[in-house]
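Every number here is computed from the coordinates shown, using simple stated rules; none is lab data. Remember, it's a predicted structure, so these values are computed and weren't measured experimentally. So basically every Cβ, Gly included, is an ideal-geometry build from the backbone, and we count neighbours across all protein chains shown.
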Amino acid sequence: MARIVMKFGGTSVADLDRIRNVAQRVKREVEHGNEVAVVVSAMSGVTNQLVKWCTELSPLHDAREYDAVVATGEQVTSGLLAICLQSMGIDARSWQGWQIPLRTDSAHGTARIQSIEGAELVRRMGTGQVAVVAGFQGVAPDNRIATLGRGGSDTSAVALAAALKADRCDIYTDVDGVYTTDPRIVPNARKLAKIAYEEMLELASVGAKVLQTRSVELAMNERVRVRVLSSFSDALANDTEGTLVVDEDEIVEKENVAGIAYSRDEAKITVTRVPDRPGIAAAIFGQLAEQNVNVDMIVQNVSADGTTDMTFTVGKADLPRARAALGEIKGQINYTELLEDPNVAKISVVGVGMRSHSGVANTMFSALADKAINIQVISTSEIKVSVLIAAEYTELAVRALHTAYGLDA
Ligand code: ADP
Ligand code: ASP
Ligand code: MG
């Protein structure tokens, strides 16, 4: 007997037939004698619609009301799955974040989990009752509903697995594991049997949305055994299915590059002809930080005439706020123009093998040059190289790099 957390994403609960399929899977685990908690996402497309409604009514809406709206998608699916399980003779009940309670900090819209009160769930799971938990949501210190950021049900699942001391956290999705890159873009991407926490963390943070970044961070810190697998295949979760996220030492053959990710969620901003003197970067990025705008890649051009151009990227959704924030300090830093380009993509190659091998960046630059793709900004970390390119070349670049690093199946 094992205690397991099973998480089902949006496409896995997209309609009643899929919910029935999920219930069958849960039933099988229960019949194997396992104690089961299930975490569900909203039906696919629902969260997007809810977000759109908030933004249409007011682009700078109250984040607490946004949370009240967007958390409803998961409330619906948790209730529906509980109904479905009950109709199949399985004891089950739904849990909203506030009922558990799953407590978060007060960062509405991107809240972090602070604690989970798991005792009552464990007690009931011991009696055979399935806990069907609404993912993505919790309750903030102001006693209002908070959501965990897009893709947050993964984090709900891993956090719950840690709190319940579960033996496994199975993340069911619409692909059968983690691949060397998004299999929707590169059909001959290879499925990885195992991936290191560090690599998965880096891939998630640069755009591979198969797992939310925070869920990987949490799994790494809390030593949760996370497996990514398909809710559409028929096999029962076993040790050979899907992709297991593991410690680096568990991976015998370390590739220089484990995977490639892309993100079209960034926008490029250039502040032209700012004075080249101490304090300018602090003024620009301090102002953006104050307005909660996250800055990712940064490049400062050489100065020719005592002025310089500062180029950086922000999340696309933050572009209006960044524009307003920089408008406020125009007088103070004396730039000439604020240029914006939302049509960019960030392409990243990730692998722990980079620590001990040189030439990884150069392979990337050459492969892109061969396809005549211009690199606008570069950034690196110990196990990652990222470049910013025109968005129209995203797929071409990912495919070319996949081949260049010998990752094609
Ligand atoms: P869910 O709704 O189940 O949470 P997501 O859409 O959030 O599913 O994540 C699954 C998707 O992640 C896949 O459909 C795939 O297109 C995308 N993806 C991006 N990079 C990868 C990768 N390296 N391996 C597998 N899937 C990836
Ligand atoms: N429904 C939420 C979203 O679409 C959370 C999730 O699916 O993980 O972002
Ligand atoms: Mg997801």
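Annotations for the structure displayed:
- Candidate aspartates and glutamates - alpha carbon under 15 Å from residue 7, same-chain residues fewer than 8 apart omitted: 29, 35, 74, 154, 167, 170, 174, 176
- Normalising by residue count, the stretch 1-75 has a Cα convex hull of 81 Å³ per residue.
- Of the residues 260, 298, 13, the one whose Cα sits farthest toward the positive end of the charge dipole of the chain, with +1 on the Cβ of Lys and Arg and -1 on the Cβ of Asp and Glu, is 13.
- The stretch 311-366: GluC sites (Glu not before Pro) in DSSP coil with no more than 11 other Cβ atoms inside 10 Å: 337
- Convex hull volume per residue, computed on the Cα atoms of the stretch 272-370, equals 153 Å³.
- Cα gyration tensor shape for the stretch 100-201, rounded if a/c is under 1.5, else prolate or oblate: oblate
- Phi angles across the stretch 337-342 convert, under the Karplus curve 6.51 cos²θ - 1.76 cosθ + 1.60 with θ = phi - 60°, into 3J(HN,Hα) values of 9, 10, 9, 10, 9, x Hz, Gly and Pro given as x.
- Long-range amide H partners of residue 230 with built H, under 5 Å: 173
- When each of the peptides 100-106, 11-17, 272-278 is scored by the mean number of other C-beta atoms lying within 10 Å of its residues, the order from highest to lowest reads 100-106, 11-17, 272-278.
- Choice from 389, 19, 251 with maximal GNM fluctuation in the chain (Cα, 10 Å cutoff): 251
- Over all orientations, the chain has a Cα convex hull whose mean projected area works out to 21.1 square nanometres.
- Just checking the listed ones, 371, 254, 209: in the Gaussian network model of the chain with Cα springs under 10 Å, the one fluctuating most is 371.
- Sequence-distant aspartates and glutamates (8 or more away, or on other chains) whose Cα lies within less than 19 Å of residue 371: 392, 395, 408
- Other residues with beta-carbon under 10 Å from the beta-carbon of residue 113 carry, at +1 per Lys or Arg and -1 per Asp or Glu, a net charge of +2.
- The HN-Hα couplings worked out from phi for the stretch 49-58 by the Karplus form 6.51 cos²θ - 1.76 cosθ + 1.60 (θ = phi - 60°) are 5, 5, 4, 4, 4, 4, 5, 5, 5, 7 Hz, whole numbers, x standing for Gly and Pro.
- Taking 1.567 mPa s as the viscosity and 4 °C as the temperature, the Stokes-Einstein diffusion coefficient of the stretch 351-409 based on its alpha-carbon Kirkwood radius rounds to 109 µm²/s.
- Loop-located GluC sites (Glu not before Pro) in the stretch 53-150 whose Cβ has at most 16 other Cβ within 10 Å (DSSP): 117
- Diagonalising the gyration tensor over the Cα atoms of the stretch 177-263 and scaling each eigenvalue by 5 before taking the square root yields semi-axes of 17, 17, 14 Å, largest first.
- Dipole magnitude for the chain: about 540 debye, using +1 per Lys or Arg Cβ and -1 per Asp or Glu Cβ, origin at the Cα centre.
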